[in-house]
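The values are calculated or read from the model by the stated rules, or taken from the named source; none is laboratory data. Model, not experiment: these values are computed from the prediction. Glycine gets a Cβ as well: all are built from the backbone with ideal geometry, and neighbour counts include every protein chain shown. Areas reflect the complete protein model, heavy atoms only, side chains present, ligands, DNA and RNA absent. Shrake-Rupley method; radii C 1.70, N 1.55, O 1.52, S 1.80 Å.
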Amino acid sequence: QVQLVESGGGLVQSGGSLRLSCAASGRIDEIVIMAWYRQAPGEEYELVATTTTGGSLQYGDSAKGRFTLSRDNYKDTWYLEMNSLKPEDTAVYFCYAHGYGDLEFWGQGTQVTVST
(Lines give C-alpha, C1' and ligand atoms only; values in the text may rest on other atoms or scores of the structure.)
Protein backbone atom coordinates (compact mmCIF):
# COMPACT_ATOMS: atom_id res chain seq x y z
CA GLN A 1 0.00 0.00 0.00
CA VAL A 2 0.96 3.58 -0.60
CA GLN A 3 -0.40 6.57 1.27
CA LEU A 4 -0.44 10.00 -0.35
CA VAL A 5 -1.05 13.27 1.45
CA GLU A 6 -1.35 16.54 -0.45
CA SER A 7 -0.81 19.98 0.98
CA GLY A 8 -0.14 23.51 -0.20
CA GLY A 9 -3.46 24.46 -1.70
CA GLY A 10 -5.17 27.72 -0.94
CA LEU A 11 -6.49 30.98 -2.29
CA VAL A 12 -4.29 33.00 -4.62
CA GLN A 13 -4.82 35.93 -6.93
CA SER A 14 -4.65 35.56 -10.68
CA GLY A 15 -1.03 35.62 -11.79
CA GLY A 16 0.19 34.26 -8.49
CA SER A 17 1.98 31.05 -7.60
CA LEU A 18 1.47 28.05 -5.38
CA ARG A 19 3.48 24.94 -4.65
CA LEU A 20 1.60 21.76 -3.94
CA SER A 21 3.23 18.89 -2.10
CA CYS A 22 2.44 15.19 -2.17
CA ALA A 23 4.07 13.25 0.63
CA ALA A 24 4.20 9.52 0.02
CA SER A 25 4.61 6.74 2.55
CA GLY A 26 4.37 2.98 2.54
CA ARG A 27 5.70 0.89 -0.34
CA ILE A 28 7.12 3.82 -2.24
CA ASP A 29 9.58 1.65 -4.09
CA GLU A 30 6.64 0.08 -5.93
CA ILE A 31 5.47 3.36 -7.44
CA VAL A 32 5.95 3.32 -11.21
CA ILE A 33 4.01 6.42 -12.20
CA MET A 34 3.18 9.48 -10.18
CA ALA A 35 0.82 12.18 -11.36
CA TRP A 36 -1.17 15.23 -10.43
CA TYR A 37 -4.78 15.41 -11.52
CA ARG A 38 -7.33 18.10 -10.92
CA GLN A 39 -11.08 18.30 -10.91
CA ALA A 40 -13.00 21.51 -11.29
CA PRO A 41 -16.63 21.69 -10.15
CA GLY A 42 -18.83 19.78 -12.54
CA GLU A 43 -15.90 18.69 -14.65
CA GLU A 44 -14.06 15.44 -15.29
CA TYR A 45 -10.64 14.68 -13.85
CA GLU A 46 -7.90 16.35 -15.86
CA LEU A 47 -4.31 15.18 -16.00
CA VAL A 48 -2.01 18.02 -14.99
CA ALA A 49 1.41 16.40 -14.95
CA THR A 50 2.94 12.96 -14.70
CA THR A 51 6.32 11.40 -14.15
CA THR A 52 7.74 7.89 -14.12
CA THR A 53 10.51 6.23 -12.17
CA GLY A 54 12.58 6.56 -15.32
CA GLY A 55 12.37 10.32 -14.97
CA SER A 56 10.16 11.14 -17.94
CA LEU A 57 7.85 14.11 -17.52
CA GLN A 58 4.68 15.01 -19.32
CA TYR A 59 2.33 17.91 -18.83
CA GLY A 60 -1.25 18.50 -19.77
CA ASP A 61 -1.87 21.27 -22.23
CA SER A 62 -3.15 23.60 -19.51
CA ALA A 63 0.03 23.13 -17.47
CA LYS A 64 2.69 23.44 -20.14
CA GLY A 65 5.00 26.37 -19.58
CA ARG A 66 3.45 27.28 -16.22
CA PHE A 67 3.64 24.21 -13.97
CA THR A 68 6.64 22.13 -12.95
CA LEU A 69 6.57 18.66 -11.43
CA SER A 70 9.54 17.62 -9.33
CA ARG A 71 10.53 15.15 -6.64
CA ASP A 72 12.59 15.31 -3.48
CA ASN A 73 13.90 11.78 -3.17
CA TYR A 74 15.09 12.28 0.39
CA LYS A 75 11.65 13.32 1.55
CA ASP A 76 9.65 10.99 -0.71
CA THR A 77 7.68 14.01 -1.71
CA TRP A 78 6.56 15.23 -5.10
CA TYR A 79 5.89 18.87 -5.82
CA LEU A 80 3.81 20.76 -8.31
CA GLU A 81 5.05 24.30 -8.73
CA MET A 82 2.31 26.37 -10.31
CA ASN A 83 3.02 29.82 -11.71
CA SER A 84 0.97 32.40 -13.60
CA LEU A 85 -2.18 30.95 -12.13
CA LYS A 86 -5.49 31.69 -13.79
CA PRO A 87 -9.05 31.50 -12.48
CA GLU A 88 -9.59 28.45 -14.69
CA ASP A 89 -6.94 26.63 -12.66
CA THR A 90 -9.38 26.59 -9.76
CA ALA A 91 -9.95 22.93 -8.85
CA VAL A 92 -9.24 20.23 -6.34
CA TYR A 93 -5.79 18.87 -7.07
CA PHE A 94 -5.10 15.21 -6.43
CA CYS A 95 -1.92 13.24 -6.13
CA TYR A 96 -1.99 9.84 -7.84
CA ALA A 97 0.38 6.89 -7.84
CA HIS A 98 0.37 3.80 -10.00
CA GLY A 99 2.25 0.81 -8.72
CA TYR A 100 3.15 -2.71 -9.73
CA GLY A 101 0.22 -5.00 -10.25
CA ASP A 102 -1.86 -2.11 -11.57
CA LEU A 103 -2.48 -0.82 -8.09
CA GLU A 104 -3.66 2.78 -7.92
CA PHE A 105 -3.54 5.18 -5.02
CA TRP A 106 -5.05 8.61 -4.57
CA GLY A 107 -4.57 11.37 -2.07
CA GLN A 108 -7.46 13.20 -0.47
CA GLY A 109 -7.02 16.29 -2.62
CA THR A 110 -6.18 19.91 -1.91
CA GLN A 111 -8.27 22.87 -3.02
CA VAL A 112 -6.74 25.55 -5.20
CA THR A 113 -8.77 28.69 -5.76
CA VAL A 114 -7.56 31.45 -8.07
CA SER A 115 -9.39 34.75 -7.78
CA THR A 116 -9.64 37.42 -10.47
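Things worth noting here:
- Residues whose placed amide H lies under 5 Å from that of LYS86, excluding near-sequence neighbours: GLY15
- Rolling a 1.4 Å probe across all protein chains gives SER25 an accessible area of roughly 50 Å².
- In sequence order, segment 55-63 has phi-based couplings of x, 6, 10, 9, 10, x, 4, 6, 9 Hz under the Karplus curve 6.51 cos²θ - 1.76 cosθ + 1.60, θ = phi - 60°, and Gly or Pro positions carry x.
- Listed values for segment 67-76 are Karplus-derived 3J(HN,Hα) couplings in whole Hz (6.51 cos²θ - 1.76 cosθ + 1.60, θ = phi - 60°), namely 10, 9, 9, 8, 9, 9, 5, 6, 9, 6, and x replaces Gly and Pro.
- Segment 48-116 and segment 5-21 have Cα centres lying 11 Å from one another.
- The string of couplings for segment 21-36 from the Karplus curve (6.51, -1.76, 1.60, θ = phi - 60°) is 10, 10, 8, 9, 9, x, 8, 5, 5, 9, 6, 9, 10, 10, 8, 10 Hz, one whole number per residue in order, with x for Gly and Pro.
- Here the Gaussian network model covers the chain, with springs between Cα atoms less than 10 Å apart; of GLU30, GLU44, GLU88, GLU44 fluctuates the most.
- Neighbour cut-off at most 14 other Cβ (10 Å), DSSP loop, trypsin sites (Lys or Arg not before Pro), segment 32-116: LYS64, LYS75
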